[in-house]
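The structure appears below as structure tokens.
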Amino acid sequence: MLDMLVVGGGYVGLSVAVAVKQAAPHLAVAVVEAAPEHAWKKDMRASAIIAAATKMLEIFGIWDEIEPEAQPITKMIVTDSKMSDPVRPIFLTFDGEVADGRPFAHMIPNVVMVGALRGACERLGIEIRHGLSATGLKTGDTDIEINLSDGSALQSRLLVACDGVRSRLRDFAGIKTVTWDYGQSGIVTTVEHERPHHGCAEEHFLPSGPFAILPLRNNRSSLVWTERTNDANRLVAADDLVFEEELERRFGHKLGALKVVGDKRAFPLGLTLARSFVAPRFALAGDAAHGIHPISGQGLNLGFKDVAALAETIVEADRLGLDIGAINILERYQSWRRFDTFRMGVTTDVLNRLFSNDMAPIRIARDFGLGIVDRLPGLKSFFIGQAAGTTAKDNPRLLAGEAI
């Protein structure tokens, strides 16, 4: 029997497996992943990783492997305009460093991050089983059993579900969610441009939703382009000429000619918050616990906070000789993470509703607010520290750069 079974082989699932196994090598840990073995190598997307999360990756011993492919975000600018505006005034700028001199975030190719985490799993002796999805589960007094799509079953003292925002395991465990659809989709792709971006990220608030330009290595940028769902599906289905023409209208010409070099994919956007993060011998982490709007770029980083808090809870309980799957132990994790998750979900919901419209009075009010923040260095420093995850008083040790 396993001590901990993780379902989901993405960032969050692999990270929680590594965090627990590294701190408690005697625990038997395994990962089950629905995708085929090499599917992760085809993911051409990139993700923004905050400073606190890079500290955790340093503890894992993989940051030196990742950093050469990571693009520091050295600056961020925020604009608010209509599509027809000839000029997009900059209302807010952030310098990209936090107190210890490190960038507040890096853009990291998904294939680089997942590859490094999988390498850590291999070194630690964590088995990853591919091509298997969950078909059911049964909770007992001392273990939880999961049925898999190949007809086999696995038993573990603790099951951690990291199987995404549409988590089947969450449903099997009977955990309800608060969910609503924004009627928007996020178009994700990568573009190549003539001129360097100098590490500057941009977020343009347009009437249909935010349009984020996030810097990558080698004169490339990752885009998260929010549109109403019907328009997003039309754009992704269009030929490259039409897509690039619409892209240039939003991106502008400051970086020269553009060329789409990555797949174009559209993801429906909504808010999903689990009513509970835990059940007996069962815990949710990452998108399985919370799916939020990408307007703040914090979705994945919320998952890393889950990883650090859950791993610390499990390892400390194990060192005290306690049952790591007991509900009273898991409730410590829930109390640690639930309020922060709810707060971020509400914040992104309000921001999206505030900025994804073109009502003149609201535009005037929000632009005034952005201008006020831009003129108050102390407030800007507070916001950048919050975004980087370095100023939270209740940070788990891994996010503070300390081993568990």
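The values are calculated or read from the model by the stated rules, or taken from the named source; none is laboratory data. Remember, it's a predicted structure, so these values are computed and weren't measured experimentally. Glycine gets a Cβ as well: all are built from the backbone with ideal geometry, and neighbour counts include every protein chain shown.
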Given the conditions (1) farther than 21 Å from ARG166 by Cα; (2) assigned to a loop (DSSP other than H, G, I, E, B), and given that GLU246 satisfies all but one, which numbered condition is not satisfied? (2)
Can you tell me which residues in the stretch 31-44 are in contact with a helix residue (DSSP H, G or I) (Cβ under 8 Å, 6 or more places away or on another chain) and either of a type outside the set (Lys, Arg) or at pLDDT 90 or above (or both)? VAL31, GLU33, TRP40, ASP43, MET44
Of the residues in the stretch 163-201, those that are of a type in the set (D, E, K, R), in contact with a helix residue (DSSP H, G or I) (Cβ under 9 Å, 6 or more places away or on another chain) and assigned to a strand (DSSP E or B) number 1
The stretch 157-191, residues that are modelled with pLDDT under 95 and among the acidic types (Asp, Glu): ASP181
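Being assigned to a strand (DSSP E or B), under 27 Å from ILE187 (Cα atoms) and out of contact with any Gly (no Cβ under 7 Å at 6 or more places or on another chain) is the filter here; which residues of the stretch 8-58 pass it?
Answer for the stretch 8-58, where residues must be assigned to a strand (DSSP E or B), under 27 Å from ILE187 (Cα atoms) and out of contact with any Gly (no Cβ under 7 Å at 6 or more places or on another chain): ALA46, SER47, ILE49.
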Show the residue pairs meeting these rules: Cβ distance below 8 Å; 6+ apart or different chains; first residue within the stretch 251-267 and among the β-branched types (Val, Ile, Thr); second residue at pLDDT below 90. VAL260/ASP240; VAL260/GLU244
Hey, among the residues in the stretch 265-297 that are under 12 Å from the mean Cα position of the chain (by Cα) and in a strand (DSSP E or B), which one's nearest to ASP240 (Cα to Cα)? GLY291
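Would you call ILE327 more than 30 Å from PRO207 (Cα to Cα) and not charged (D, E, K, R)?
Numbers: more than 30 Å from PRO207 (Cα to Cα): yes; not charged (D, E, K, R): yes.
The answer is yes for ILE327.
Take GLY96 and tell me if it is modelled with pLDDT under 80 and within 26 Å of PHE251 (Cα to Cα).
Details: modelled with pLDDT under 80: yes; within 26 Å of PHE251 (Cα to Cα): yes.
Yes, satisfied.
From ARG228, ARG234, which residue is under 23 Å from GLY297 (Cβ atoms) and either free of Cβ contacts under 8 Å to residues at least 40 places away in the same chain or under 24 Å from the mean Cα position of the chain (by Cα) (or both)? First the steps, then the outcome.
Values: ARG234 fails: under 23 Å from GLY297 (Cβ atoms).
Selected residue: ARG228, the only one of ARG228, ARG234 that is under 23 Å from GLY297 (Cβ atoms) and either free of Cβ contacts under 8 Å to residues at least 40 places away in the same chain or under 24 Å from the mean Cα position of the chain (by Cα) (or both).
Going by what's in this entry, would LEU132 be described as touching an Asp or Glu at 6+ places or on another chain (Cβ under 8 Å), over 24 Å from VAL315 (Cβ atoms) and either hydrophobic (A, V, I, L, M, F, W, C) or modelled with pLDDT of 95 or more (or both)?
Values: touching an Asp or Glu at 6+ places or on another chain (Cβ under 8 Å): yes; over 24 Å from VAL315 (Cβ atoms): yes; either hydrophobic (A, V, I, L, M, F, W, C) or modelled with pLDDT of 95 or more (or both): yes.
Spelling it out, LEU132 is indeed touching an Asp or Glu at 6+ places or on another chain (Cβ under 8 Å), over 24 Å from VAL315 (Cβ atoms) and either hydrophobic (A, V, I, L, M, F, W, C) or modelled with pLDDT of 95 or more (or both).
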For the stretch 183-197, check the following and say yes or no: at least one residue is acidic (Asp, Glu) and within 18 Å of the chain's Cα centre (by Cα). no
